[in-house]
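In what follows, a single structure is set out as structure tokens and then discussed.
None of the figures in this text is laboratory data; all of them are computed from the coordinates on show. Fair warning: this is a prediction, and the values are worked out from it, not measured in the lab. Using ideal geometry, Cβ is built from the backbone for each residue, glycine included, and neighbour counts are taken over all protein chains shown.
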Amino acid sequence: MGSCDHCGAYHWGYDGSKLAEDHMKNCIQSDGNVAHCSQSHESIKWPVAQDCKVNLTTISDIQCKSNVTGGMCGASFEKGSTVGAHSDTPCDACQAAAGSSTECDFDFAVSTQNTISTTFSSATAIMAGTQFTVGMSFIAEAKGTVSFSVTETLTYQQSKSTSTTSTVSGGCKATIKAGTRETAVANYFTGTLVGDFTAKVTTTYNCPWKSDKHEQTSGTIRIENVPTQSMEGSCKTVAEPCQKMLLHV
């Protein structure tokens with residue numbers, strides 16, 4: 001509270017209750033100034049203790065616990081609800097030769113609203129509101145291989161909603177006649193991808209003499225409404241009109 005070079009450090013003494021200089025004549029006061037000890041002094045217990053409070057926590061170095069081939073993160077898949085899907089590309093035989101037929105495999109674009117949440121399994125203390133960035137690609141088996149990438153800034157103890165469009169293929173075929181055009185619709189099962197990760201938690205304090213604390217922790221990330229390759233029932237083809245060609249002579 002006062003000047004650290006007042007009269008020089010070697011002039012100061014401590015008698016178990018007060019700090020003073022000039023042969024213990026001038027004492028530290030409660031406001032940090034120096035005055036005659038005969039008038040008053042600030043009682044000081046040594047060592048001086050101060051409560052150190054957490055200033056900030058950060059979550060970094062997030063790594064997948066179960067890496068698989070290709071740098072993907074192995075995850076489990078829980079079957080959930082169904083979601084509507086439409087074909088990405090129509091099957092077009094409008095200009096096909098008369099009497100011929102065209103075989104089509106439909107790919108589907110599935111738009112979903114995903115809820116991403118995380119839980120930390122260890123006892124590491126993390127401040128509410130701490131933000132961290134996840135960048136991982138998950139892969140799971142659910143009647144076919146399902147992959148899903150997450151690159152998001154998340155907040156500890158909070159969920160985040162995102163919108164994604166995924167492409168699913170297979171399981172829907174059609175043979176159409178020349179001069180026709182068709183698309184397809186289908187319902188696909190969706191579910192929740194669950195993956196485990198490790199991370200480093202760094203805690204800083206408001207006491208300048210207390211070093212930062214580094215701890216390893218583990219957690220789980222859940223991504224809801226990820227579409228699988230499995231249809232509910234079968235796909236349905238829908239006829240579309242062929243565009244008429246205009247001939248200019």
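Side notes on the structure shown:
- Note on the chain: Cα-Cα pairs beyond 33 Å make up 54% of the total pair count.
- With the gyration tensor restricted to C-alpha atoms of segment 138-249, the semi-axes of the equivalent ellipsoid amount to 50, 18, 10 Å, longest first.
- Given +1 at the Cβ of Lys and Arg, -1 at the Cβ of Asp and Glu and no other charges, the dipole of segment 134-249 around its Cα centre is 300 debye to the nearest 20.
- Backbone N under 18 Å from the residue 115 label point (7 Å along Cα→Cβ), restricted to segment 159-185: 159-164
- Residue among 205, 94, 41 farthest towards the positive dipole end of the chain, charges placed on Cβ: 94
- Multiplying the residue separation of residue 65 and residue 95 by 0.36 nm and subtracting their alpha-carbon distance yields 5.5 nm.
- The charge dipole of the chain, taken about its Cα centre with unit charges on the Cβ of Lys, Arg, Asp and Glu (plus for the first two, minus for the last two), comes to roughly 460 debye.
- Euclidean distance of C-alpha centroids, segment 131-187 and segment 47-106, integer Å: 6
- Two-site FRET efficiency, residue 232 against residue 133, from Cβ-Cβ distance with R₀ of 51 Å, rounded to 0.05: 0.90
- Built from the Cα atoms of segment 6-109, the convex hull projects on average onto 19.8 nm², one quarter of its surface area.
- FRET efficiency estimate (nearest 0.05) - Cβ-Cβ, residue 82 to residue 240, R0 25 angstrom: 0.55
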